[in-house]
1. Using just the Cα positions, wrap the chain in a convex hull and report its mean projected area in square nanometres, one decimal place.
2. Please give the residues of region 152-168, grouped as numeric ranges, whose backbone N is less than 18 Å from a label point set 7 Å along the Cα-to-Cβ vector of Ser30.
3. Give the accessible area for Leu48 in Å² (nearest 10); use a 1.4 Å probe, count only protein heavy atoms, and leave out ligands, DNA and RNA.
4. Give the relative contact order (percent, whole number) for region 43-143; include only Cα pairs under 8 Å separated by 6+ residues.
5. Compute the distance in nm between two label points, each set 7 Å from the Cα along the Cα-to-Cβ direction, one at Asp62 and one at Thr139.
6. What residues of region 91-114 lie in the reach of a label at Asp159, counting those whose backbone N is under 17 Å from a point 7 Å from the Cα along Cα→Cβ?
7. Which whole-number value in Å² is the accessible area per residue of the chain, probe 1.4 Å?
8. On the accessible surface of region 2-200, probed at 1.4 Å, how many percent belong to carbon and sulfur atoms?
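The values are calculated or read from the model by the stated rules, or taken from the named source; none is laboratory data. These numbers were taken from a predicted model, which means no experiment stands behind them. Note: ideal-geometry Cβ built from the backbone for every residue, glycine included; neighbour counts use all protein chains shown. What goes into the accessible areas is simple: the full protein's heavy atoms, side chains included, and nothing from ligands, DNA or RNA. Shrake-Rupley method; radii C 1.70, N 1.55, O 1.52, S 1.80 Å.
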Amino acid sequence: MRVFIVYAHPSEDSFTAHVRDSFMRGLERSGHGAVISDLYRMNFRTDLSEAEYRREAFYRRDLPVPPDVVCEQEKINASDGIAFIYPLFWSDVPAKLKGWFDRVWTYGFAYGDKAESGEPGRTMKRLEKGLAICCAGNTMEYFHRTGLLEAVNRVMLQDRFFDRVKEKELLILDGTSRELESRKDRWDSRLQKAFQAGERFFISP
Ligand SMILES: Cc1cc2nc3c(=O)[nH]c(=O)nc-3n(C[C@H](O)[C@H](O)[C@H](O)COP(=O)(O)O)c2cc1C
């Protein structure tokens, strides 16, 4: 499969950067092709302009979409699967990735009356697979106890992926805070999980 990776972490000195590399090695092992958007490195603009807001809020698919957004949409439509790799910041994706959704999931492309959007290629194709790999400082026990697991899962799977992908999964690599022993203790096993996700998740049924 051709897999589009949307990666969002501000530092290479991070566990998440290792996760990205392991995941990509897994993809390679299975012979998948990969294209990556490294949002911080690209300095991807995340704020909606007023013109973009107007296009979305007034459902004006006749208004133009900025070139950097078109570029991301083309990467999606040239792929069979999509993977998001990011750290959990305040129980959600980093603002850099949130802004990517705000700008790239446009009306007529990712939602709304897609069938009538007119221009070929301007409607998002339904992808075979969608995977989110989320690195979280807190432990799974904490996420269960606070109810935050349900929140994190629902927003990613039900709202952002929704029916835009046929098969979807959220993999949380938990307990990665520098304050926890588990960051070091489970470092290798978590990277192994990321490798296996790359190796196995995108294999066609
Ligand atoms: C601004 C900020 C907010 C964070 N918020 C959360 C959070 O809400 N929940 C959580 O489990 N971890 C949180 N973390 C920890 C990150 O998820 C952590 O960076 C991640 O576990 C991966 O480690 P890495 O940065 O070395 O890749 C936060 C970290 C930062 C810098």
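1. Values: hull surface 46.7 nm².
If you wrap the Cα atoms of the chain in a convex hull and average its projections, you get 11.7 nm².
2. Residues 165-168 fall inside that zone.
3. 70
4. Numbers: 104 pairs, mean separation 37.5, N = 101.
Relative contact order here is 37 percent.
5. Placing both labels 7 Å beyond Cα along the Cβ direction yields 5.9 nm.
6. 91-107, 110-112
7. Details: 10540 Å² over 205 residues.
Here the per-residue accessible area is 51 Å².
8. Details: 5100 of 10160 Å².
About 50 percent, which is the carbon plus sulfur part of the accessible surface.
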